[in-house]
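In what follows, a single structure is set out as structure tokens and then discussed.
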Amino acid sequence: MRRSLTVAVAAALLAVPAPAALAGPDPSPPAVRDFGNGPERNDVAAGVPEQAAARAAAASEAQPYGHSRDRGYPRWTRLPLPPENPADASIKLGLVPYHGIAPRLNALQQRSDRVSVEIIGRSYQGRDLYLVTVTEPESAARAREQARIRERIENDPAAAARDRGLAARYKAPIFINANIHGNEWEGTDAALRTIEQLATSTDPAVAGLLARTRLYFNVTANPDGRVNGVRQNGAGFDLNRDFVTASQPEARAMRQAIIDTQPVTLLDLHGYVNGTLIEPTTPPHGANYEYDLFITNTYANGLRMEAAVNGLGYTPDKDGVEPAQIPFRDSDEGWDDWPPIFTPQYAPFHGTVAAHTVEIPLEVNEPAYSEEPVEELRRRAAVNTDVAAAAVRAAYGFVRDRHERLIADQIEVFRRGAAGEPARTVPLGIVPGFGPEDVYTTTFPRAYVIPAGAGQRSATAAARLVDHLIANDVRVERARSAFRAGGRTYPAGSYVVDLRQPKRGLANVMLEAGADISPRVSAMYDISGWSHALLWGATVEPVESLRAHTEPVRAAAPTGSVPRTPGPLALRVDDAKEVRALNDLLAQGVAVTWAGGRAIVPAQARSAARTVADRYGVAFTPAGTVTGTVTGSPLAQVRVAAAASADELFTLCELGFPVTPVSTAVLNAGFDWSATDVLYVSSGLNHAALNPAARAALDAFLAGGGVVTRGRTGAAFNTAAGLLTATTVAGNPDGNGVVRVVSGGATGGGSPAHSFVYSPLWFTGLGPEVTVEQAYAADGPLVAGHWRPRADGSGGGQDAARGQAAVVSGRDERGAAVVLFGTEPMFRNHPKGLFAQVARALYWSSSSAGAAVTTP
Ligand SMILES: [Zn+2]
């Protein structure tokens with residue numbers, strides 16, 4: 001589920017167990033990050049697989065997508081059969097285990113020429129992802145025609161709009177996404193049932209449907225979670241929060257499938273909210289959608305699905321099934337479509353004009369999974385499967401009945417973007433109940449420029465952003481020559497994102513700063529701020545006019561370089577790629593010196609430098625010309641013991657740090673500190689719960705060791721272990737978003753002007769040994785997001801944080817070098833531009849620990 005509107009259901013989410021197969025050494029790591037209150041806010045469970053480092057590095061990338069335009073249907077694929085797994089969590093519920101899906105799909109492909117299966121990628125743990133297409137057989141020529149129409153709708157929408165016969169020739173695409181949360185199982189079973197019914201039906205109405213539509217089923221979007229009985233994938237990520245980041249292979253596979261199929265309607269099948277929750281949502285509404293088109297179709301389909309679900313005849317008394325609910329109609333707030341991190345809030349940017357989360361009603365996951373009798377669980381799972389299947393049936397009926405209109409509205413979405421029309425204000429009453437509280441709009445700039453040359457903070461970060469935009473099917477161009485825009489000159493090679501493009505909504509939702517929506521709603525469902533322009537490390541500038549000679553870009557230009565000048569080389573560590581390159585050099589044993597936030601590489605390591613420059617796109621400079629004589633401390637590989645959340649462990653591994661997960665239990669079992677340079681603490685380590693032996697071993701490490709902490713758990717550890725003199729002040733734990741910061745010092749210096757907070761903290765009462773590395777902007781930190789004072793009148797709002805210390809460092813009297821973060825620099829692997837700040841903290845704390853006490 002996303003989040004329940006009822007406390008009773010929400011409470012169940014607080015206890016997501018670590019799957020046995022994935023648990024780290026700690027048998028009971030904390031289920032959610034340490035935000036205390038709120039159900040599934042930043043819900044990345046702790047626990048990573050062994051070999052997380054290797055896995056993150058070689059992230060099991062998707063196979064090339066098989067959705068070829070040059071093949072007809074059916075496209076039979078004999079799916080490899082996964083080994084039978086008696087521990088698959090689906091089995092207890094009487095549902096199809098992951099290993100049972102491939103045999104069923106293989107058999108269906110043999111029985112019916114309406115069913116095609118393609119493997120569109122692999123999960124984090126290496127399981128195949130199945131995309132099933134159900135449609136009437138198509139010759140290769142017919143399939144090519146469909147592909148041409150799809151491309152015309154996207155790329156020449158004005159002409160498509162004029163083509164009166166287009167809708168009659170085009171099969172409307174419907175996308176059913178199932179089981180994105182692994183322990184919300186039944187969407188998969190409903191999908192399999194629906195596929196089988198459509199494949200084998202002799203009803204002429206079904207033949208008629210399949211002549212005019214293609215139904216795509218992502219049968220299980222999260223097979224790792226399905227097997228393990230958990231919400232997250234094998235890396236511990238909530239895939240239904242990953243769409244703006246695409247850190248996980250499953251999210252990248254879904255993204256590509258949505259781009260390639262361009263559905264007019266999409267369902268994302270979840271559980272469990274009783275009665276069945278069917279979107280559209282409450283305010284705030286995302287401001288970058290063509291919301292007039294979206295709400296009209298989404299509400300209409302929502303009503304159809306509601307009628308179908310209620311029409312099943314399940315009752316509260318007899319079955320424990322409440323009537324369905326539609327948040328847009330039935331709730332004031334708390335279930336919004338503001339951040340584009342969820343499947344149905346991402347797909348509309350690719351032309352989906354009716355998109356829905358559907359939450360089936362009866363709880364079968366924790367704690368019911370372990371507490372209820374098997375018969376009761378199976379009864380509930382059967383009801384849930386019926387409900388999900390009814391929603392799917394209603395949705396394809398809706399598409400069948402509204403074929404021309406849905407295709408026309410998809411064309412209109414792209415047409416407005418390509419024409420560069422201003423955002424529309426949705427008329428009140430466009431659907432019953434659409435009031436002033438539902439109106440959200442944005443202003444599109446003419447274009448965004450990602451400058452080349454001296455105006456670019458990081459060419460490496462710029463290249464990553466360009467590649468990310470392209471992977472999202474956003475058009476990016478490169479200037480052939482210098483041009484003027486917004487009163488300044490941009491050099492040739494600068495990237496341009498012209499917002500006169502079909503997917504301008506997606507471009508803008510990623511690149512705009514966002515908005516402070518604190519005044520408009522009292523509660524948000526998940527994050528309220530994000531911005532690739534402000535958080536991914538590259539300089540991005542909106543401009544209001546554009547006259548440039550440009551060429552299309554298929555991939556960012558290479559950015560790696562090593563100067564010809566002989567002598568030592570310097571590498572700034574301002575970006576995640578630079579961290580990764582440096583860690584590669586350290587792993588090879590290159591003798592690196594850490595000098596004021598730069599890594600100095602000796603001349604004899606030039607060939608190794610060339611290799612990592614090429615591999616990671618990082619630029620070395622001559623060390624001597626910048627600083628003259630190089631002074632600094634020798635830097636060795638920084639080995640991190642981390643009591644951290646899954647997203648942080650993933651990110652630290654991705655940066656190339658050797659990471660060992662630890663926890664209270666691991667330390668109490670007798671942890672060997674000899675291979676640890678820095679302890680990272682943000683989750684799952686409680687100093688007070690350490691046994692005497694563990695405390696003594698920790699104290700021995702702290703006498704001259706490094707410590708980096710994040711969040712309340714980290715700050716509490718600092719206090720309990722008697723490290724830095726600082727008082728932690730907790731802001732409203734619901735506050736989150738993009739904040740302006742002022743940075744300096746050994747680890748803050750070089751940071752972007754913005755950071756990200758979730759449950760923000762700051763530090764007061766600083767001892768003389770403490771340096772402020774980063775502070776919240778004195779004139780009001782929040783740029784985009786939601787951050788109010790606490791509702792109980794105890795403060796904690798954004799104004800209270802003005803000018804306060806967000807990140808501090810210092811060395812305690814024992815020689816421990818410590819950095820405390822009150823921000824969230826590795827949140828869900830999203831804010832790429834902030835990762836290097838954590839890395840600098842690790843390098844500094846490792847290289848300063850135990851040395852003579854100086855101001856960092
Ligand atoms: Zn869910």
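The values are calculated or read from the model by the stated rules, or taken from the named source; none is laboratory data. Just so we're clear, the structure is a prediction, and the values are computed from it rather than from any experiment. FYI the Cβ positions are ideal-geometry reconstructions off the backbone, even for glycines, and counts take in every protein chain you see.
In region 341-351, the qualifying residues are those that are buried (at least 24 other Cβ atoms within 10 Å of the Cβ) and hydrophobic (A, V, I, L, M, F, W, C), and the one that is farthest from the ligand (Cβ to nearest atom) is PHE349. For region 655-670, a residue qualifies if it is farther than 10 Å from ALA642 by Cβ, crowded, with 24+ Cβ neighbours inside 10 Å and either in contact with a Pro (Cβ under 6 Å, 6 or more places away or on another chain) or among the small types (Gly, Ala, Ser) (or both), and exactly one does: GLY656.
Number of residues in region 548-583 that are over 15 Å from ALA836 (Cβ atoms) and of a type in the set (Asp, Glu): the value is 1. In region 224-243, is there at least one residue being within 16 Å of ASN177 (Cβ to Cβ), of a type outside the set (Asp, Glu), touching a residue at least 40 places away in the same chain (Cβ under 8 Å) and more than 16 Å from the ligand (Cβ to nearest atom)? No; the residues of region 224-243 include none that is within 16 Å of ASN177 (Cβ to Cβ), of a type outside the set (Asp, Glu), touching a residue at least 40 places away in the same chain (Cβ under 8 Å) and more than 16 Å from the ligand (Cβ to nearest atom). Taken residue by residue, region 301-309 has no member that is within 16 Å of the ligand (Cβ to nearest atom), within 30 Å of GLU375 (Cα to Cα), at pLDDT 95 or above and in contact with a helix residue (DSSP H, G or I) (Cβ under 9 Å, 6 or more places away or on another chain).
Taking the criterion of being out of contact with any Ser or Thr (no Cβ under 9 Å at 6 or more places or on another chain) and assigned to a helix (DSSP H, G or I), the residues of region 105-136 that qualify are ALA107, GLN110. Annotation: of all residues in region 87-104 being assigned to a loop (DSSP other than H, G, I, E, B) and aliphatic (A, V, I, L, M), the one that is farthest from VAL206 (Cα to Cα) is ALA87. Going through (1) crowded, with 16+ Cβ neighbours inside 10 Å; (2) farther than 30 Å from PHE342 by Cβ; (3) among the hydrophobic types (A, V, I, L, M, F, W, C) one by one, LEU782 falls short only on (2). Residue check: GLY334 meets all listed conditions (1) under 26 Å from ASN274 (Cα atoms); (2) surrounded by fewer than 19 Cβ atoms within 10 Å (Cβ to Cβ); (3) away from the ligand (no atom under 16 Å from the Cβ) but one, namely (3).
Here region 517-543 is the region considered, the condition is being in a loop (DSSP other than H, G, I, E, B), of a type outside the set (A, V, I, L, M, F, W, C) and out of contact with any strand residue (DSSP E or B) (no Cβ under 8 Å at 6 or more places or on another chain), and the residue that is surrounded by the most Cβ atoms within 10 Å (Cβ to Cβ) is GLY537. If you scan region 137-190, which residues turn out to be more than 21 Å from ASN301 (Cβ to Cβ), within 16 Å of the ligand (Cβ to nearest atom) and not in a loop (DSSP other than H, G, I, E, B)? Of everything in region 137-190, those that are more than 21 Å from ASN301 (Cβ to Cβ), within 16 Å of the ligand (Cβ to nearest atom) and not in a loop (DSSP other than H, G, I, E, B) turn out to be THR188, ASP189. I'd like to check something: does region 722-739 contain any residue that is within 20 Å of ARG814 (Cα to Cα) and free of Cβ contacts under 8 Å to residues at least 12 places away in the same chain? No - not one qualifying residue is present in region 722-739. Across region 352-409, the number of residues qualifying as of a type in the set (Asp, Glu), surrounded by 17 or more Cβ atoms within 10 Å (Cβ to Cβ) and either within 16 Å of the ligand (Cβ to nearest atom) or under 27 Å from GLY286 (Cβ atoms) (or both) comes to 4. Can you list residue pairs whose Cβ atoms sit under 7 Å apart, with the first residue in region 587-609 being touching a residue at least 12 places away in the same chain (Cβ under 8 Å) and farther than 18 Å from ALA839 by Cα and the second being assigned to a loop (DSSP other than H, G, I, E, B) and of a type in the set (A, V, I, L, M)? Count only pairs 6 or more apart in sequence or on different chains. Final answer for the pair search is PRO602/ALA591; ALA605/VAL590; ARG606/VAL562; ALA608/VAL590; ALA609/VAL562. Of the numbered criteria (1) away from the ligand (no atom under 16 Å from the Cβ); (2) buried (at least 24 other Cβ atoms within 10 Å of the Cβ); (3) assigned to a helix (DSSP H, G or I); (4) not β-branched (Val, Ile, Thr), the one GLN256 fails is (2).
Checked against the criteria, THR202 does not count as within 16 Å of the ligand (Cβ to nearest atom) and part of a loop (DSSP other than H, G, I, E, B).
The single condition among (1) closer than 25 Å to THR443 by Cα; (2) within 16 Å of the ligand (Cβ to nearest atom) that TYR272 does not meet is (1).
Beta carbons closer than 6 Å, at least 6 apart along the sequence or on distinct chains, pair a first residue in region 130-151 that is closer than 26 Å to THR220 by Cβ with a second that is part of a helix (DSSP H, G or I) for LEU131/ALA257; VAL132/ILE195; VAL134/ILE195; VAL134/LEU198; THR135/LEU210; GLU136/LEU210; GLU136/ALA211. Listed by position, the strands (runs of 3 or more DSSP E) contained in region 424-516 that have at least 2 residues being of a type in the set (Gly, Ala, Ser) and in contact (Cβ under 8 Å) with a residue 12 or more places away in the chain form an empty set.
Residues of region 113-143 that are within 25 Å of the chain's Cα centre (by Cα), of a type in the set (A, V, I, L, M, F, W, C) and either surrounded by fewer than 21 Cβ atoms within 10 Å (Cβ to Cβ) or within 13 Å of ALA199 (Cα to Cα) (or both): ILE119, VAL132. Cβ-Cβ distances below 8 Å connect the following pairs, each with a first residue in region 297-319 that is crowded, with 20+ Cβ neighbours inside 10 Å, a second residue that is acidic (Asp, Glu), and a separation of six or more residues or different chains: ASN297/ASP409; THR298/GLU279; GLY302/GLU279; TYR314/ASP386. For region 267-331, the helices (runs of 4 or more DSSP H) that sit wholly inside it and include 2 or more residues that are more than 27 Å from the chain's Cα centre (by Cα) and of a type outside the set (D, E, K, R) are 291-310. Scanning region 603-623 for residues that are more than 23 Å from PRO658 (Cα to Cα) and not aliphatic (A, V, I, L, M) returns GLN604, ARG606, SER607, PHE620, THR621, PRO622.
Going by the structure shown, is ALA207 in contact (Cβ under 8 Å) with a residue 40 or more places away in the chain, in contact with a Leu (Cβ under 7 Å, 6 or more places away or on another chain) and away from the ligand (no atom under 16 Å from the Cβ)? Considered against the rule, which asks whether it is in contact (Cβ under 8 Å) with a residue 40 or more places away in the chain, in contact with a Leu (Cβ under 7 Å, 6 or more places away or on another chain) and away from the ligand (no atom under 16 Å from the Cβ), ALA207 comes out as no.
Reported count of residues in region 545-581, each being assigned to a helix (DSSP H, G or I) and without any contact (Cβ under 8 Å) to a residue 60 or more places away in the chain, is 1. Here the condition is being closer than 22 Å to ALA576 by Cβ and exposed (fewer than 15 other Cβ atoms within 10 Å of the Cβ); of ALA791, ALA753, it holds for ALA753 alone. If you go through region 758-797 and pick out every residue that is closer than 11 Å to ASN732 by Cα and over 25 Å from the mean Cα position of the chain (by Cα), you end up with 9. For region 101-129, name all the residues that are on the phi < 0 side of the Ramachandran plot, in contact (Cβ under 8 Å) with a residue 12 or more places away in the chain and of a type in the set (Gly, Ala, Ser). Within region 101-129, ALA102, SER112, SER116, SER123 qualify.
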